[in-house]
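Undergrad: Here it is, the structure in full.
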Amino acid sequence: MLNLDTHILIFALADRLSPREGRILKSEPWSISAIVYWELAKLSDIGRIELDLEEAEVRRVLSRIHVWPIDLDVCRAIRKLDFRGDPADELIAATSLVHEVPLVTRDRRIRGSRVVPLAFKTPR
C-alpha cells in the first residue's frame, strides 16, 4: 500500500503523473490521510484546483482509496518528524510513519526526511 500526499492524488486524478510516479502508483493500492479530503475540498473551494467532489466519477475513485484516520498515534508521531511544514503535510507524513506505509510526494522538504518512509527520495 502507498500513502499519497494531496498533490500526488490531484495529479493522479488529472492524469498528470510523471512516468516514475505512474509506475509506482500502478504497483500498489492507494491510501490517504483523512486530511487529504479536507485539502481537496479547500483547494477546490478557493479555486486552486478544478475538482468537483460531487461528480460521480470523482466520488467513485475516491471511495476506492483507503483512508487513514487522524488519531492520537498520528498526532503524537508529528513530534518524531525531522522537518516542519504545513500542518497537513505533517499529518500526512506522520500517517506514513505510524502505519509504515511509503509516502508518494513531490514535496522536497518531506523527501529530505530520514524518518518518513518514502516510495522514492529523488525528484520524479
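The values are calculated or read from the model by the stated rules, or taken from the named source; none is laboratory data. Just so you know, these numbers come straight off a predicted model, no measurement behind them. Please note: Cβ atoms are built from the backbone with ideal geometry, for glycine as well, and neighbour counts cover all protein chains shown.
Undergrad: When the stretch 71-88 is examined, which residues are found to be of a type in the set (Lys, Arg) and farther than 17 Å from residue 99 by Cα?
TA: 84
Undergrad: Yes or no: the stretch 100-121 includes at least one residue that is among the hydroxyl-bearing types (Ser, Thr, Tyr), touching a residue at least 12 places away in the same chain (Cβ under 8 Å), surrounded by 15 or more Cβ atoms within 10 Å (Cβ to Cβ) and part of a helix (DSSP H, G or I). Give the steps one after another, and end with the answer.
TA: Our first condition is that a residue be among the hydroxyl-bearing types (Ser, Thr, Tyr); within the stretch 100-121, this holds for 105, 113.
With touching a residue at least 12 places away in the same chain (Cβ under 8 Å) added as a condition, the list becomes 105, 113.
Next, only the ones that are surrounded by 15 or more Cβ atoms within 10 Å (Cβ to Cβ) stay: 105, 113.
Add one more test, that the residue is part of a helix (DSSP H, G or I), and what stays is none.
No, every residue in the stretch 100-121 fails to be among the hydroxyl-bearing types (Ser, Thr, Tyr), touching a residue at least 12 places away in the same chain (Cβ under 8 Å), surrounded by 15 or more Cβ atoms within 10 Å (Cβ to Cβ) and part of a helix (DSSP H, G or I).
Undergrad: Another one. Kindly evaluate residue 48 against the criterion of being under 27 Å from residue 117 (Cα atoms) and at pLDDT 95 or above.
TA: So residue 48 does not fit the description; no.
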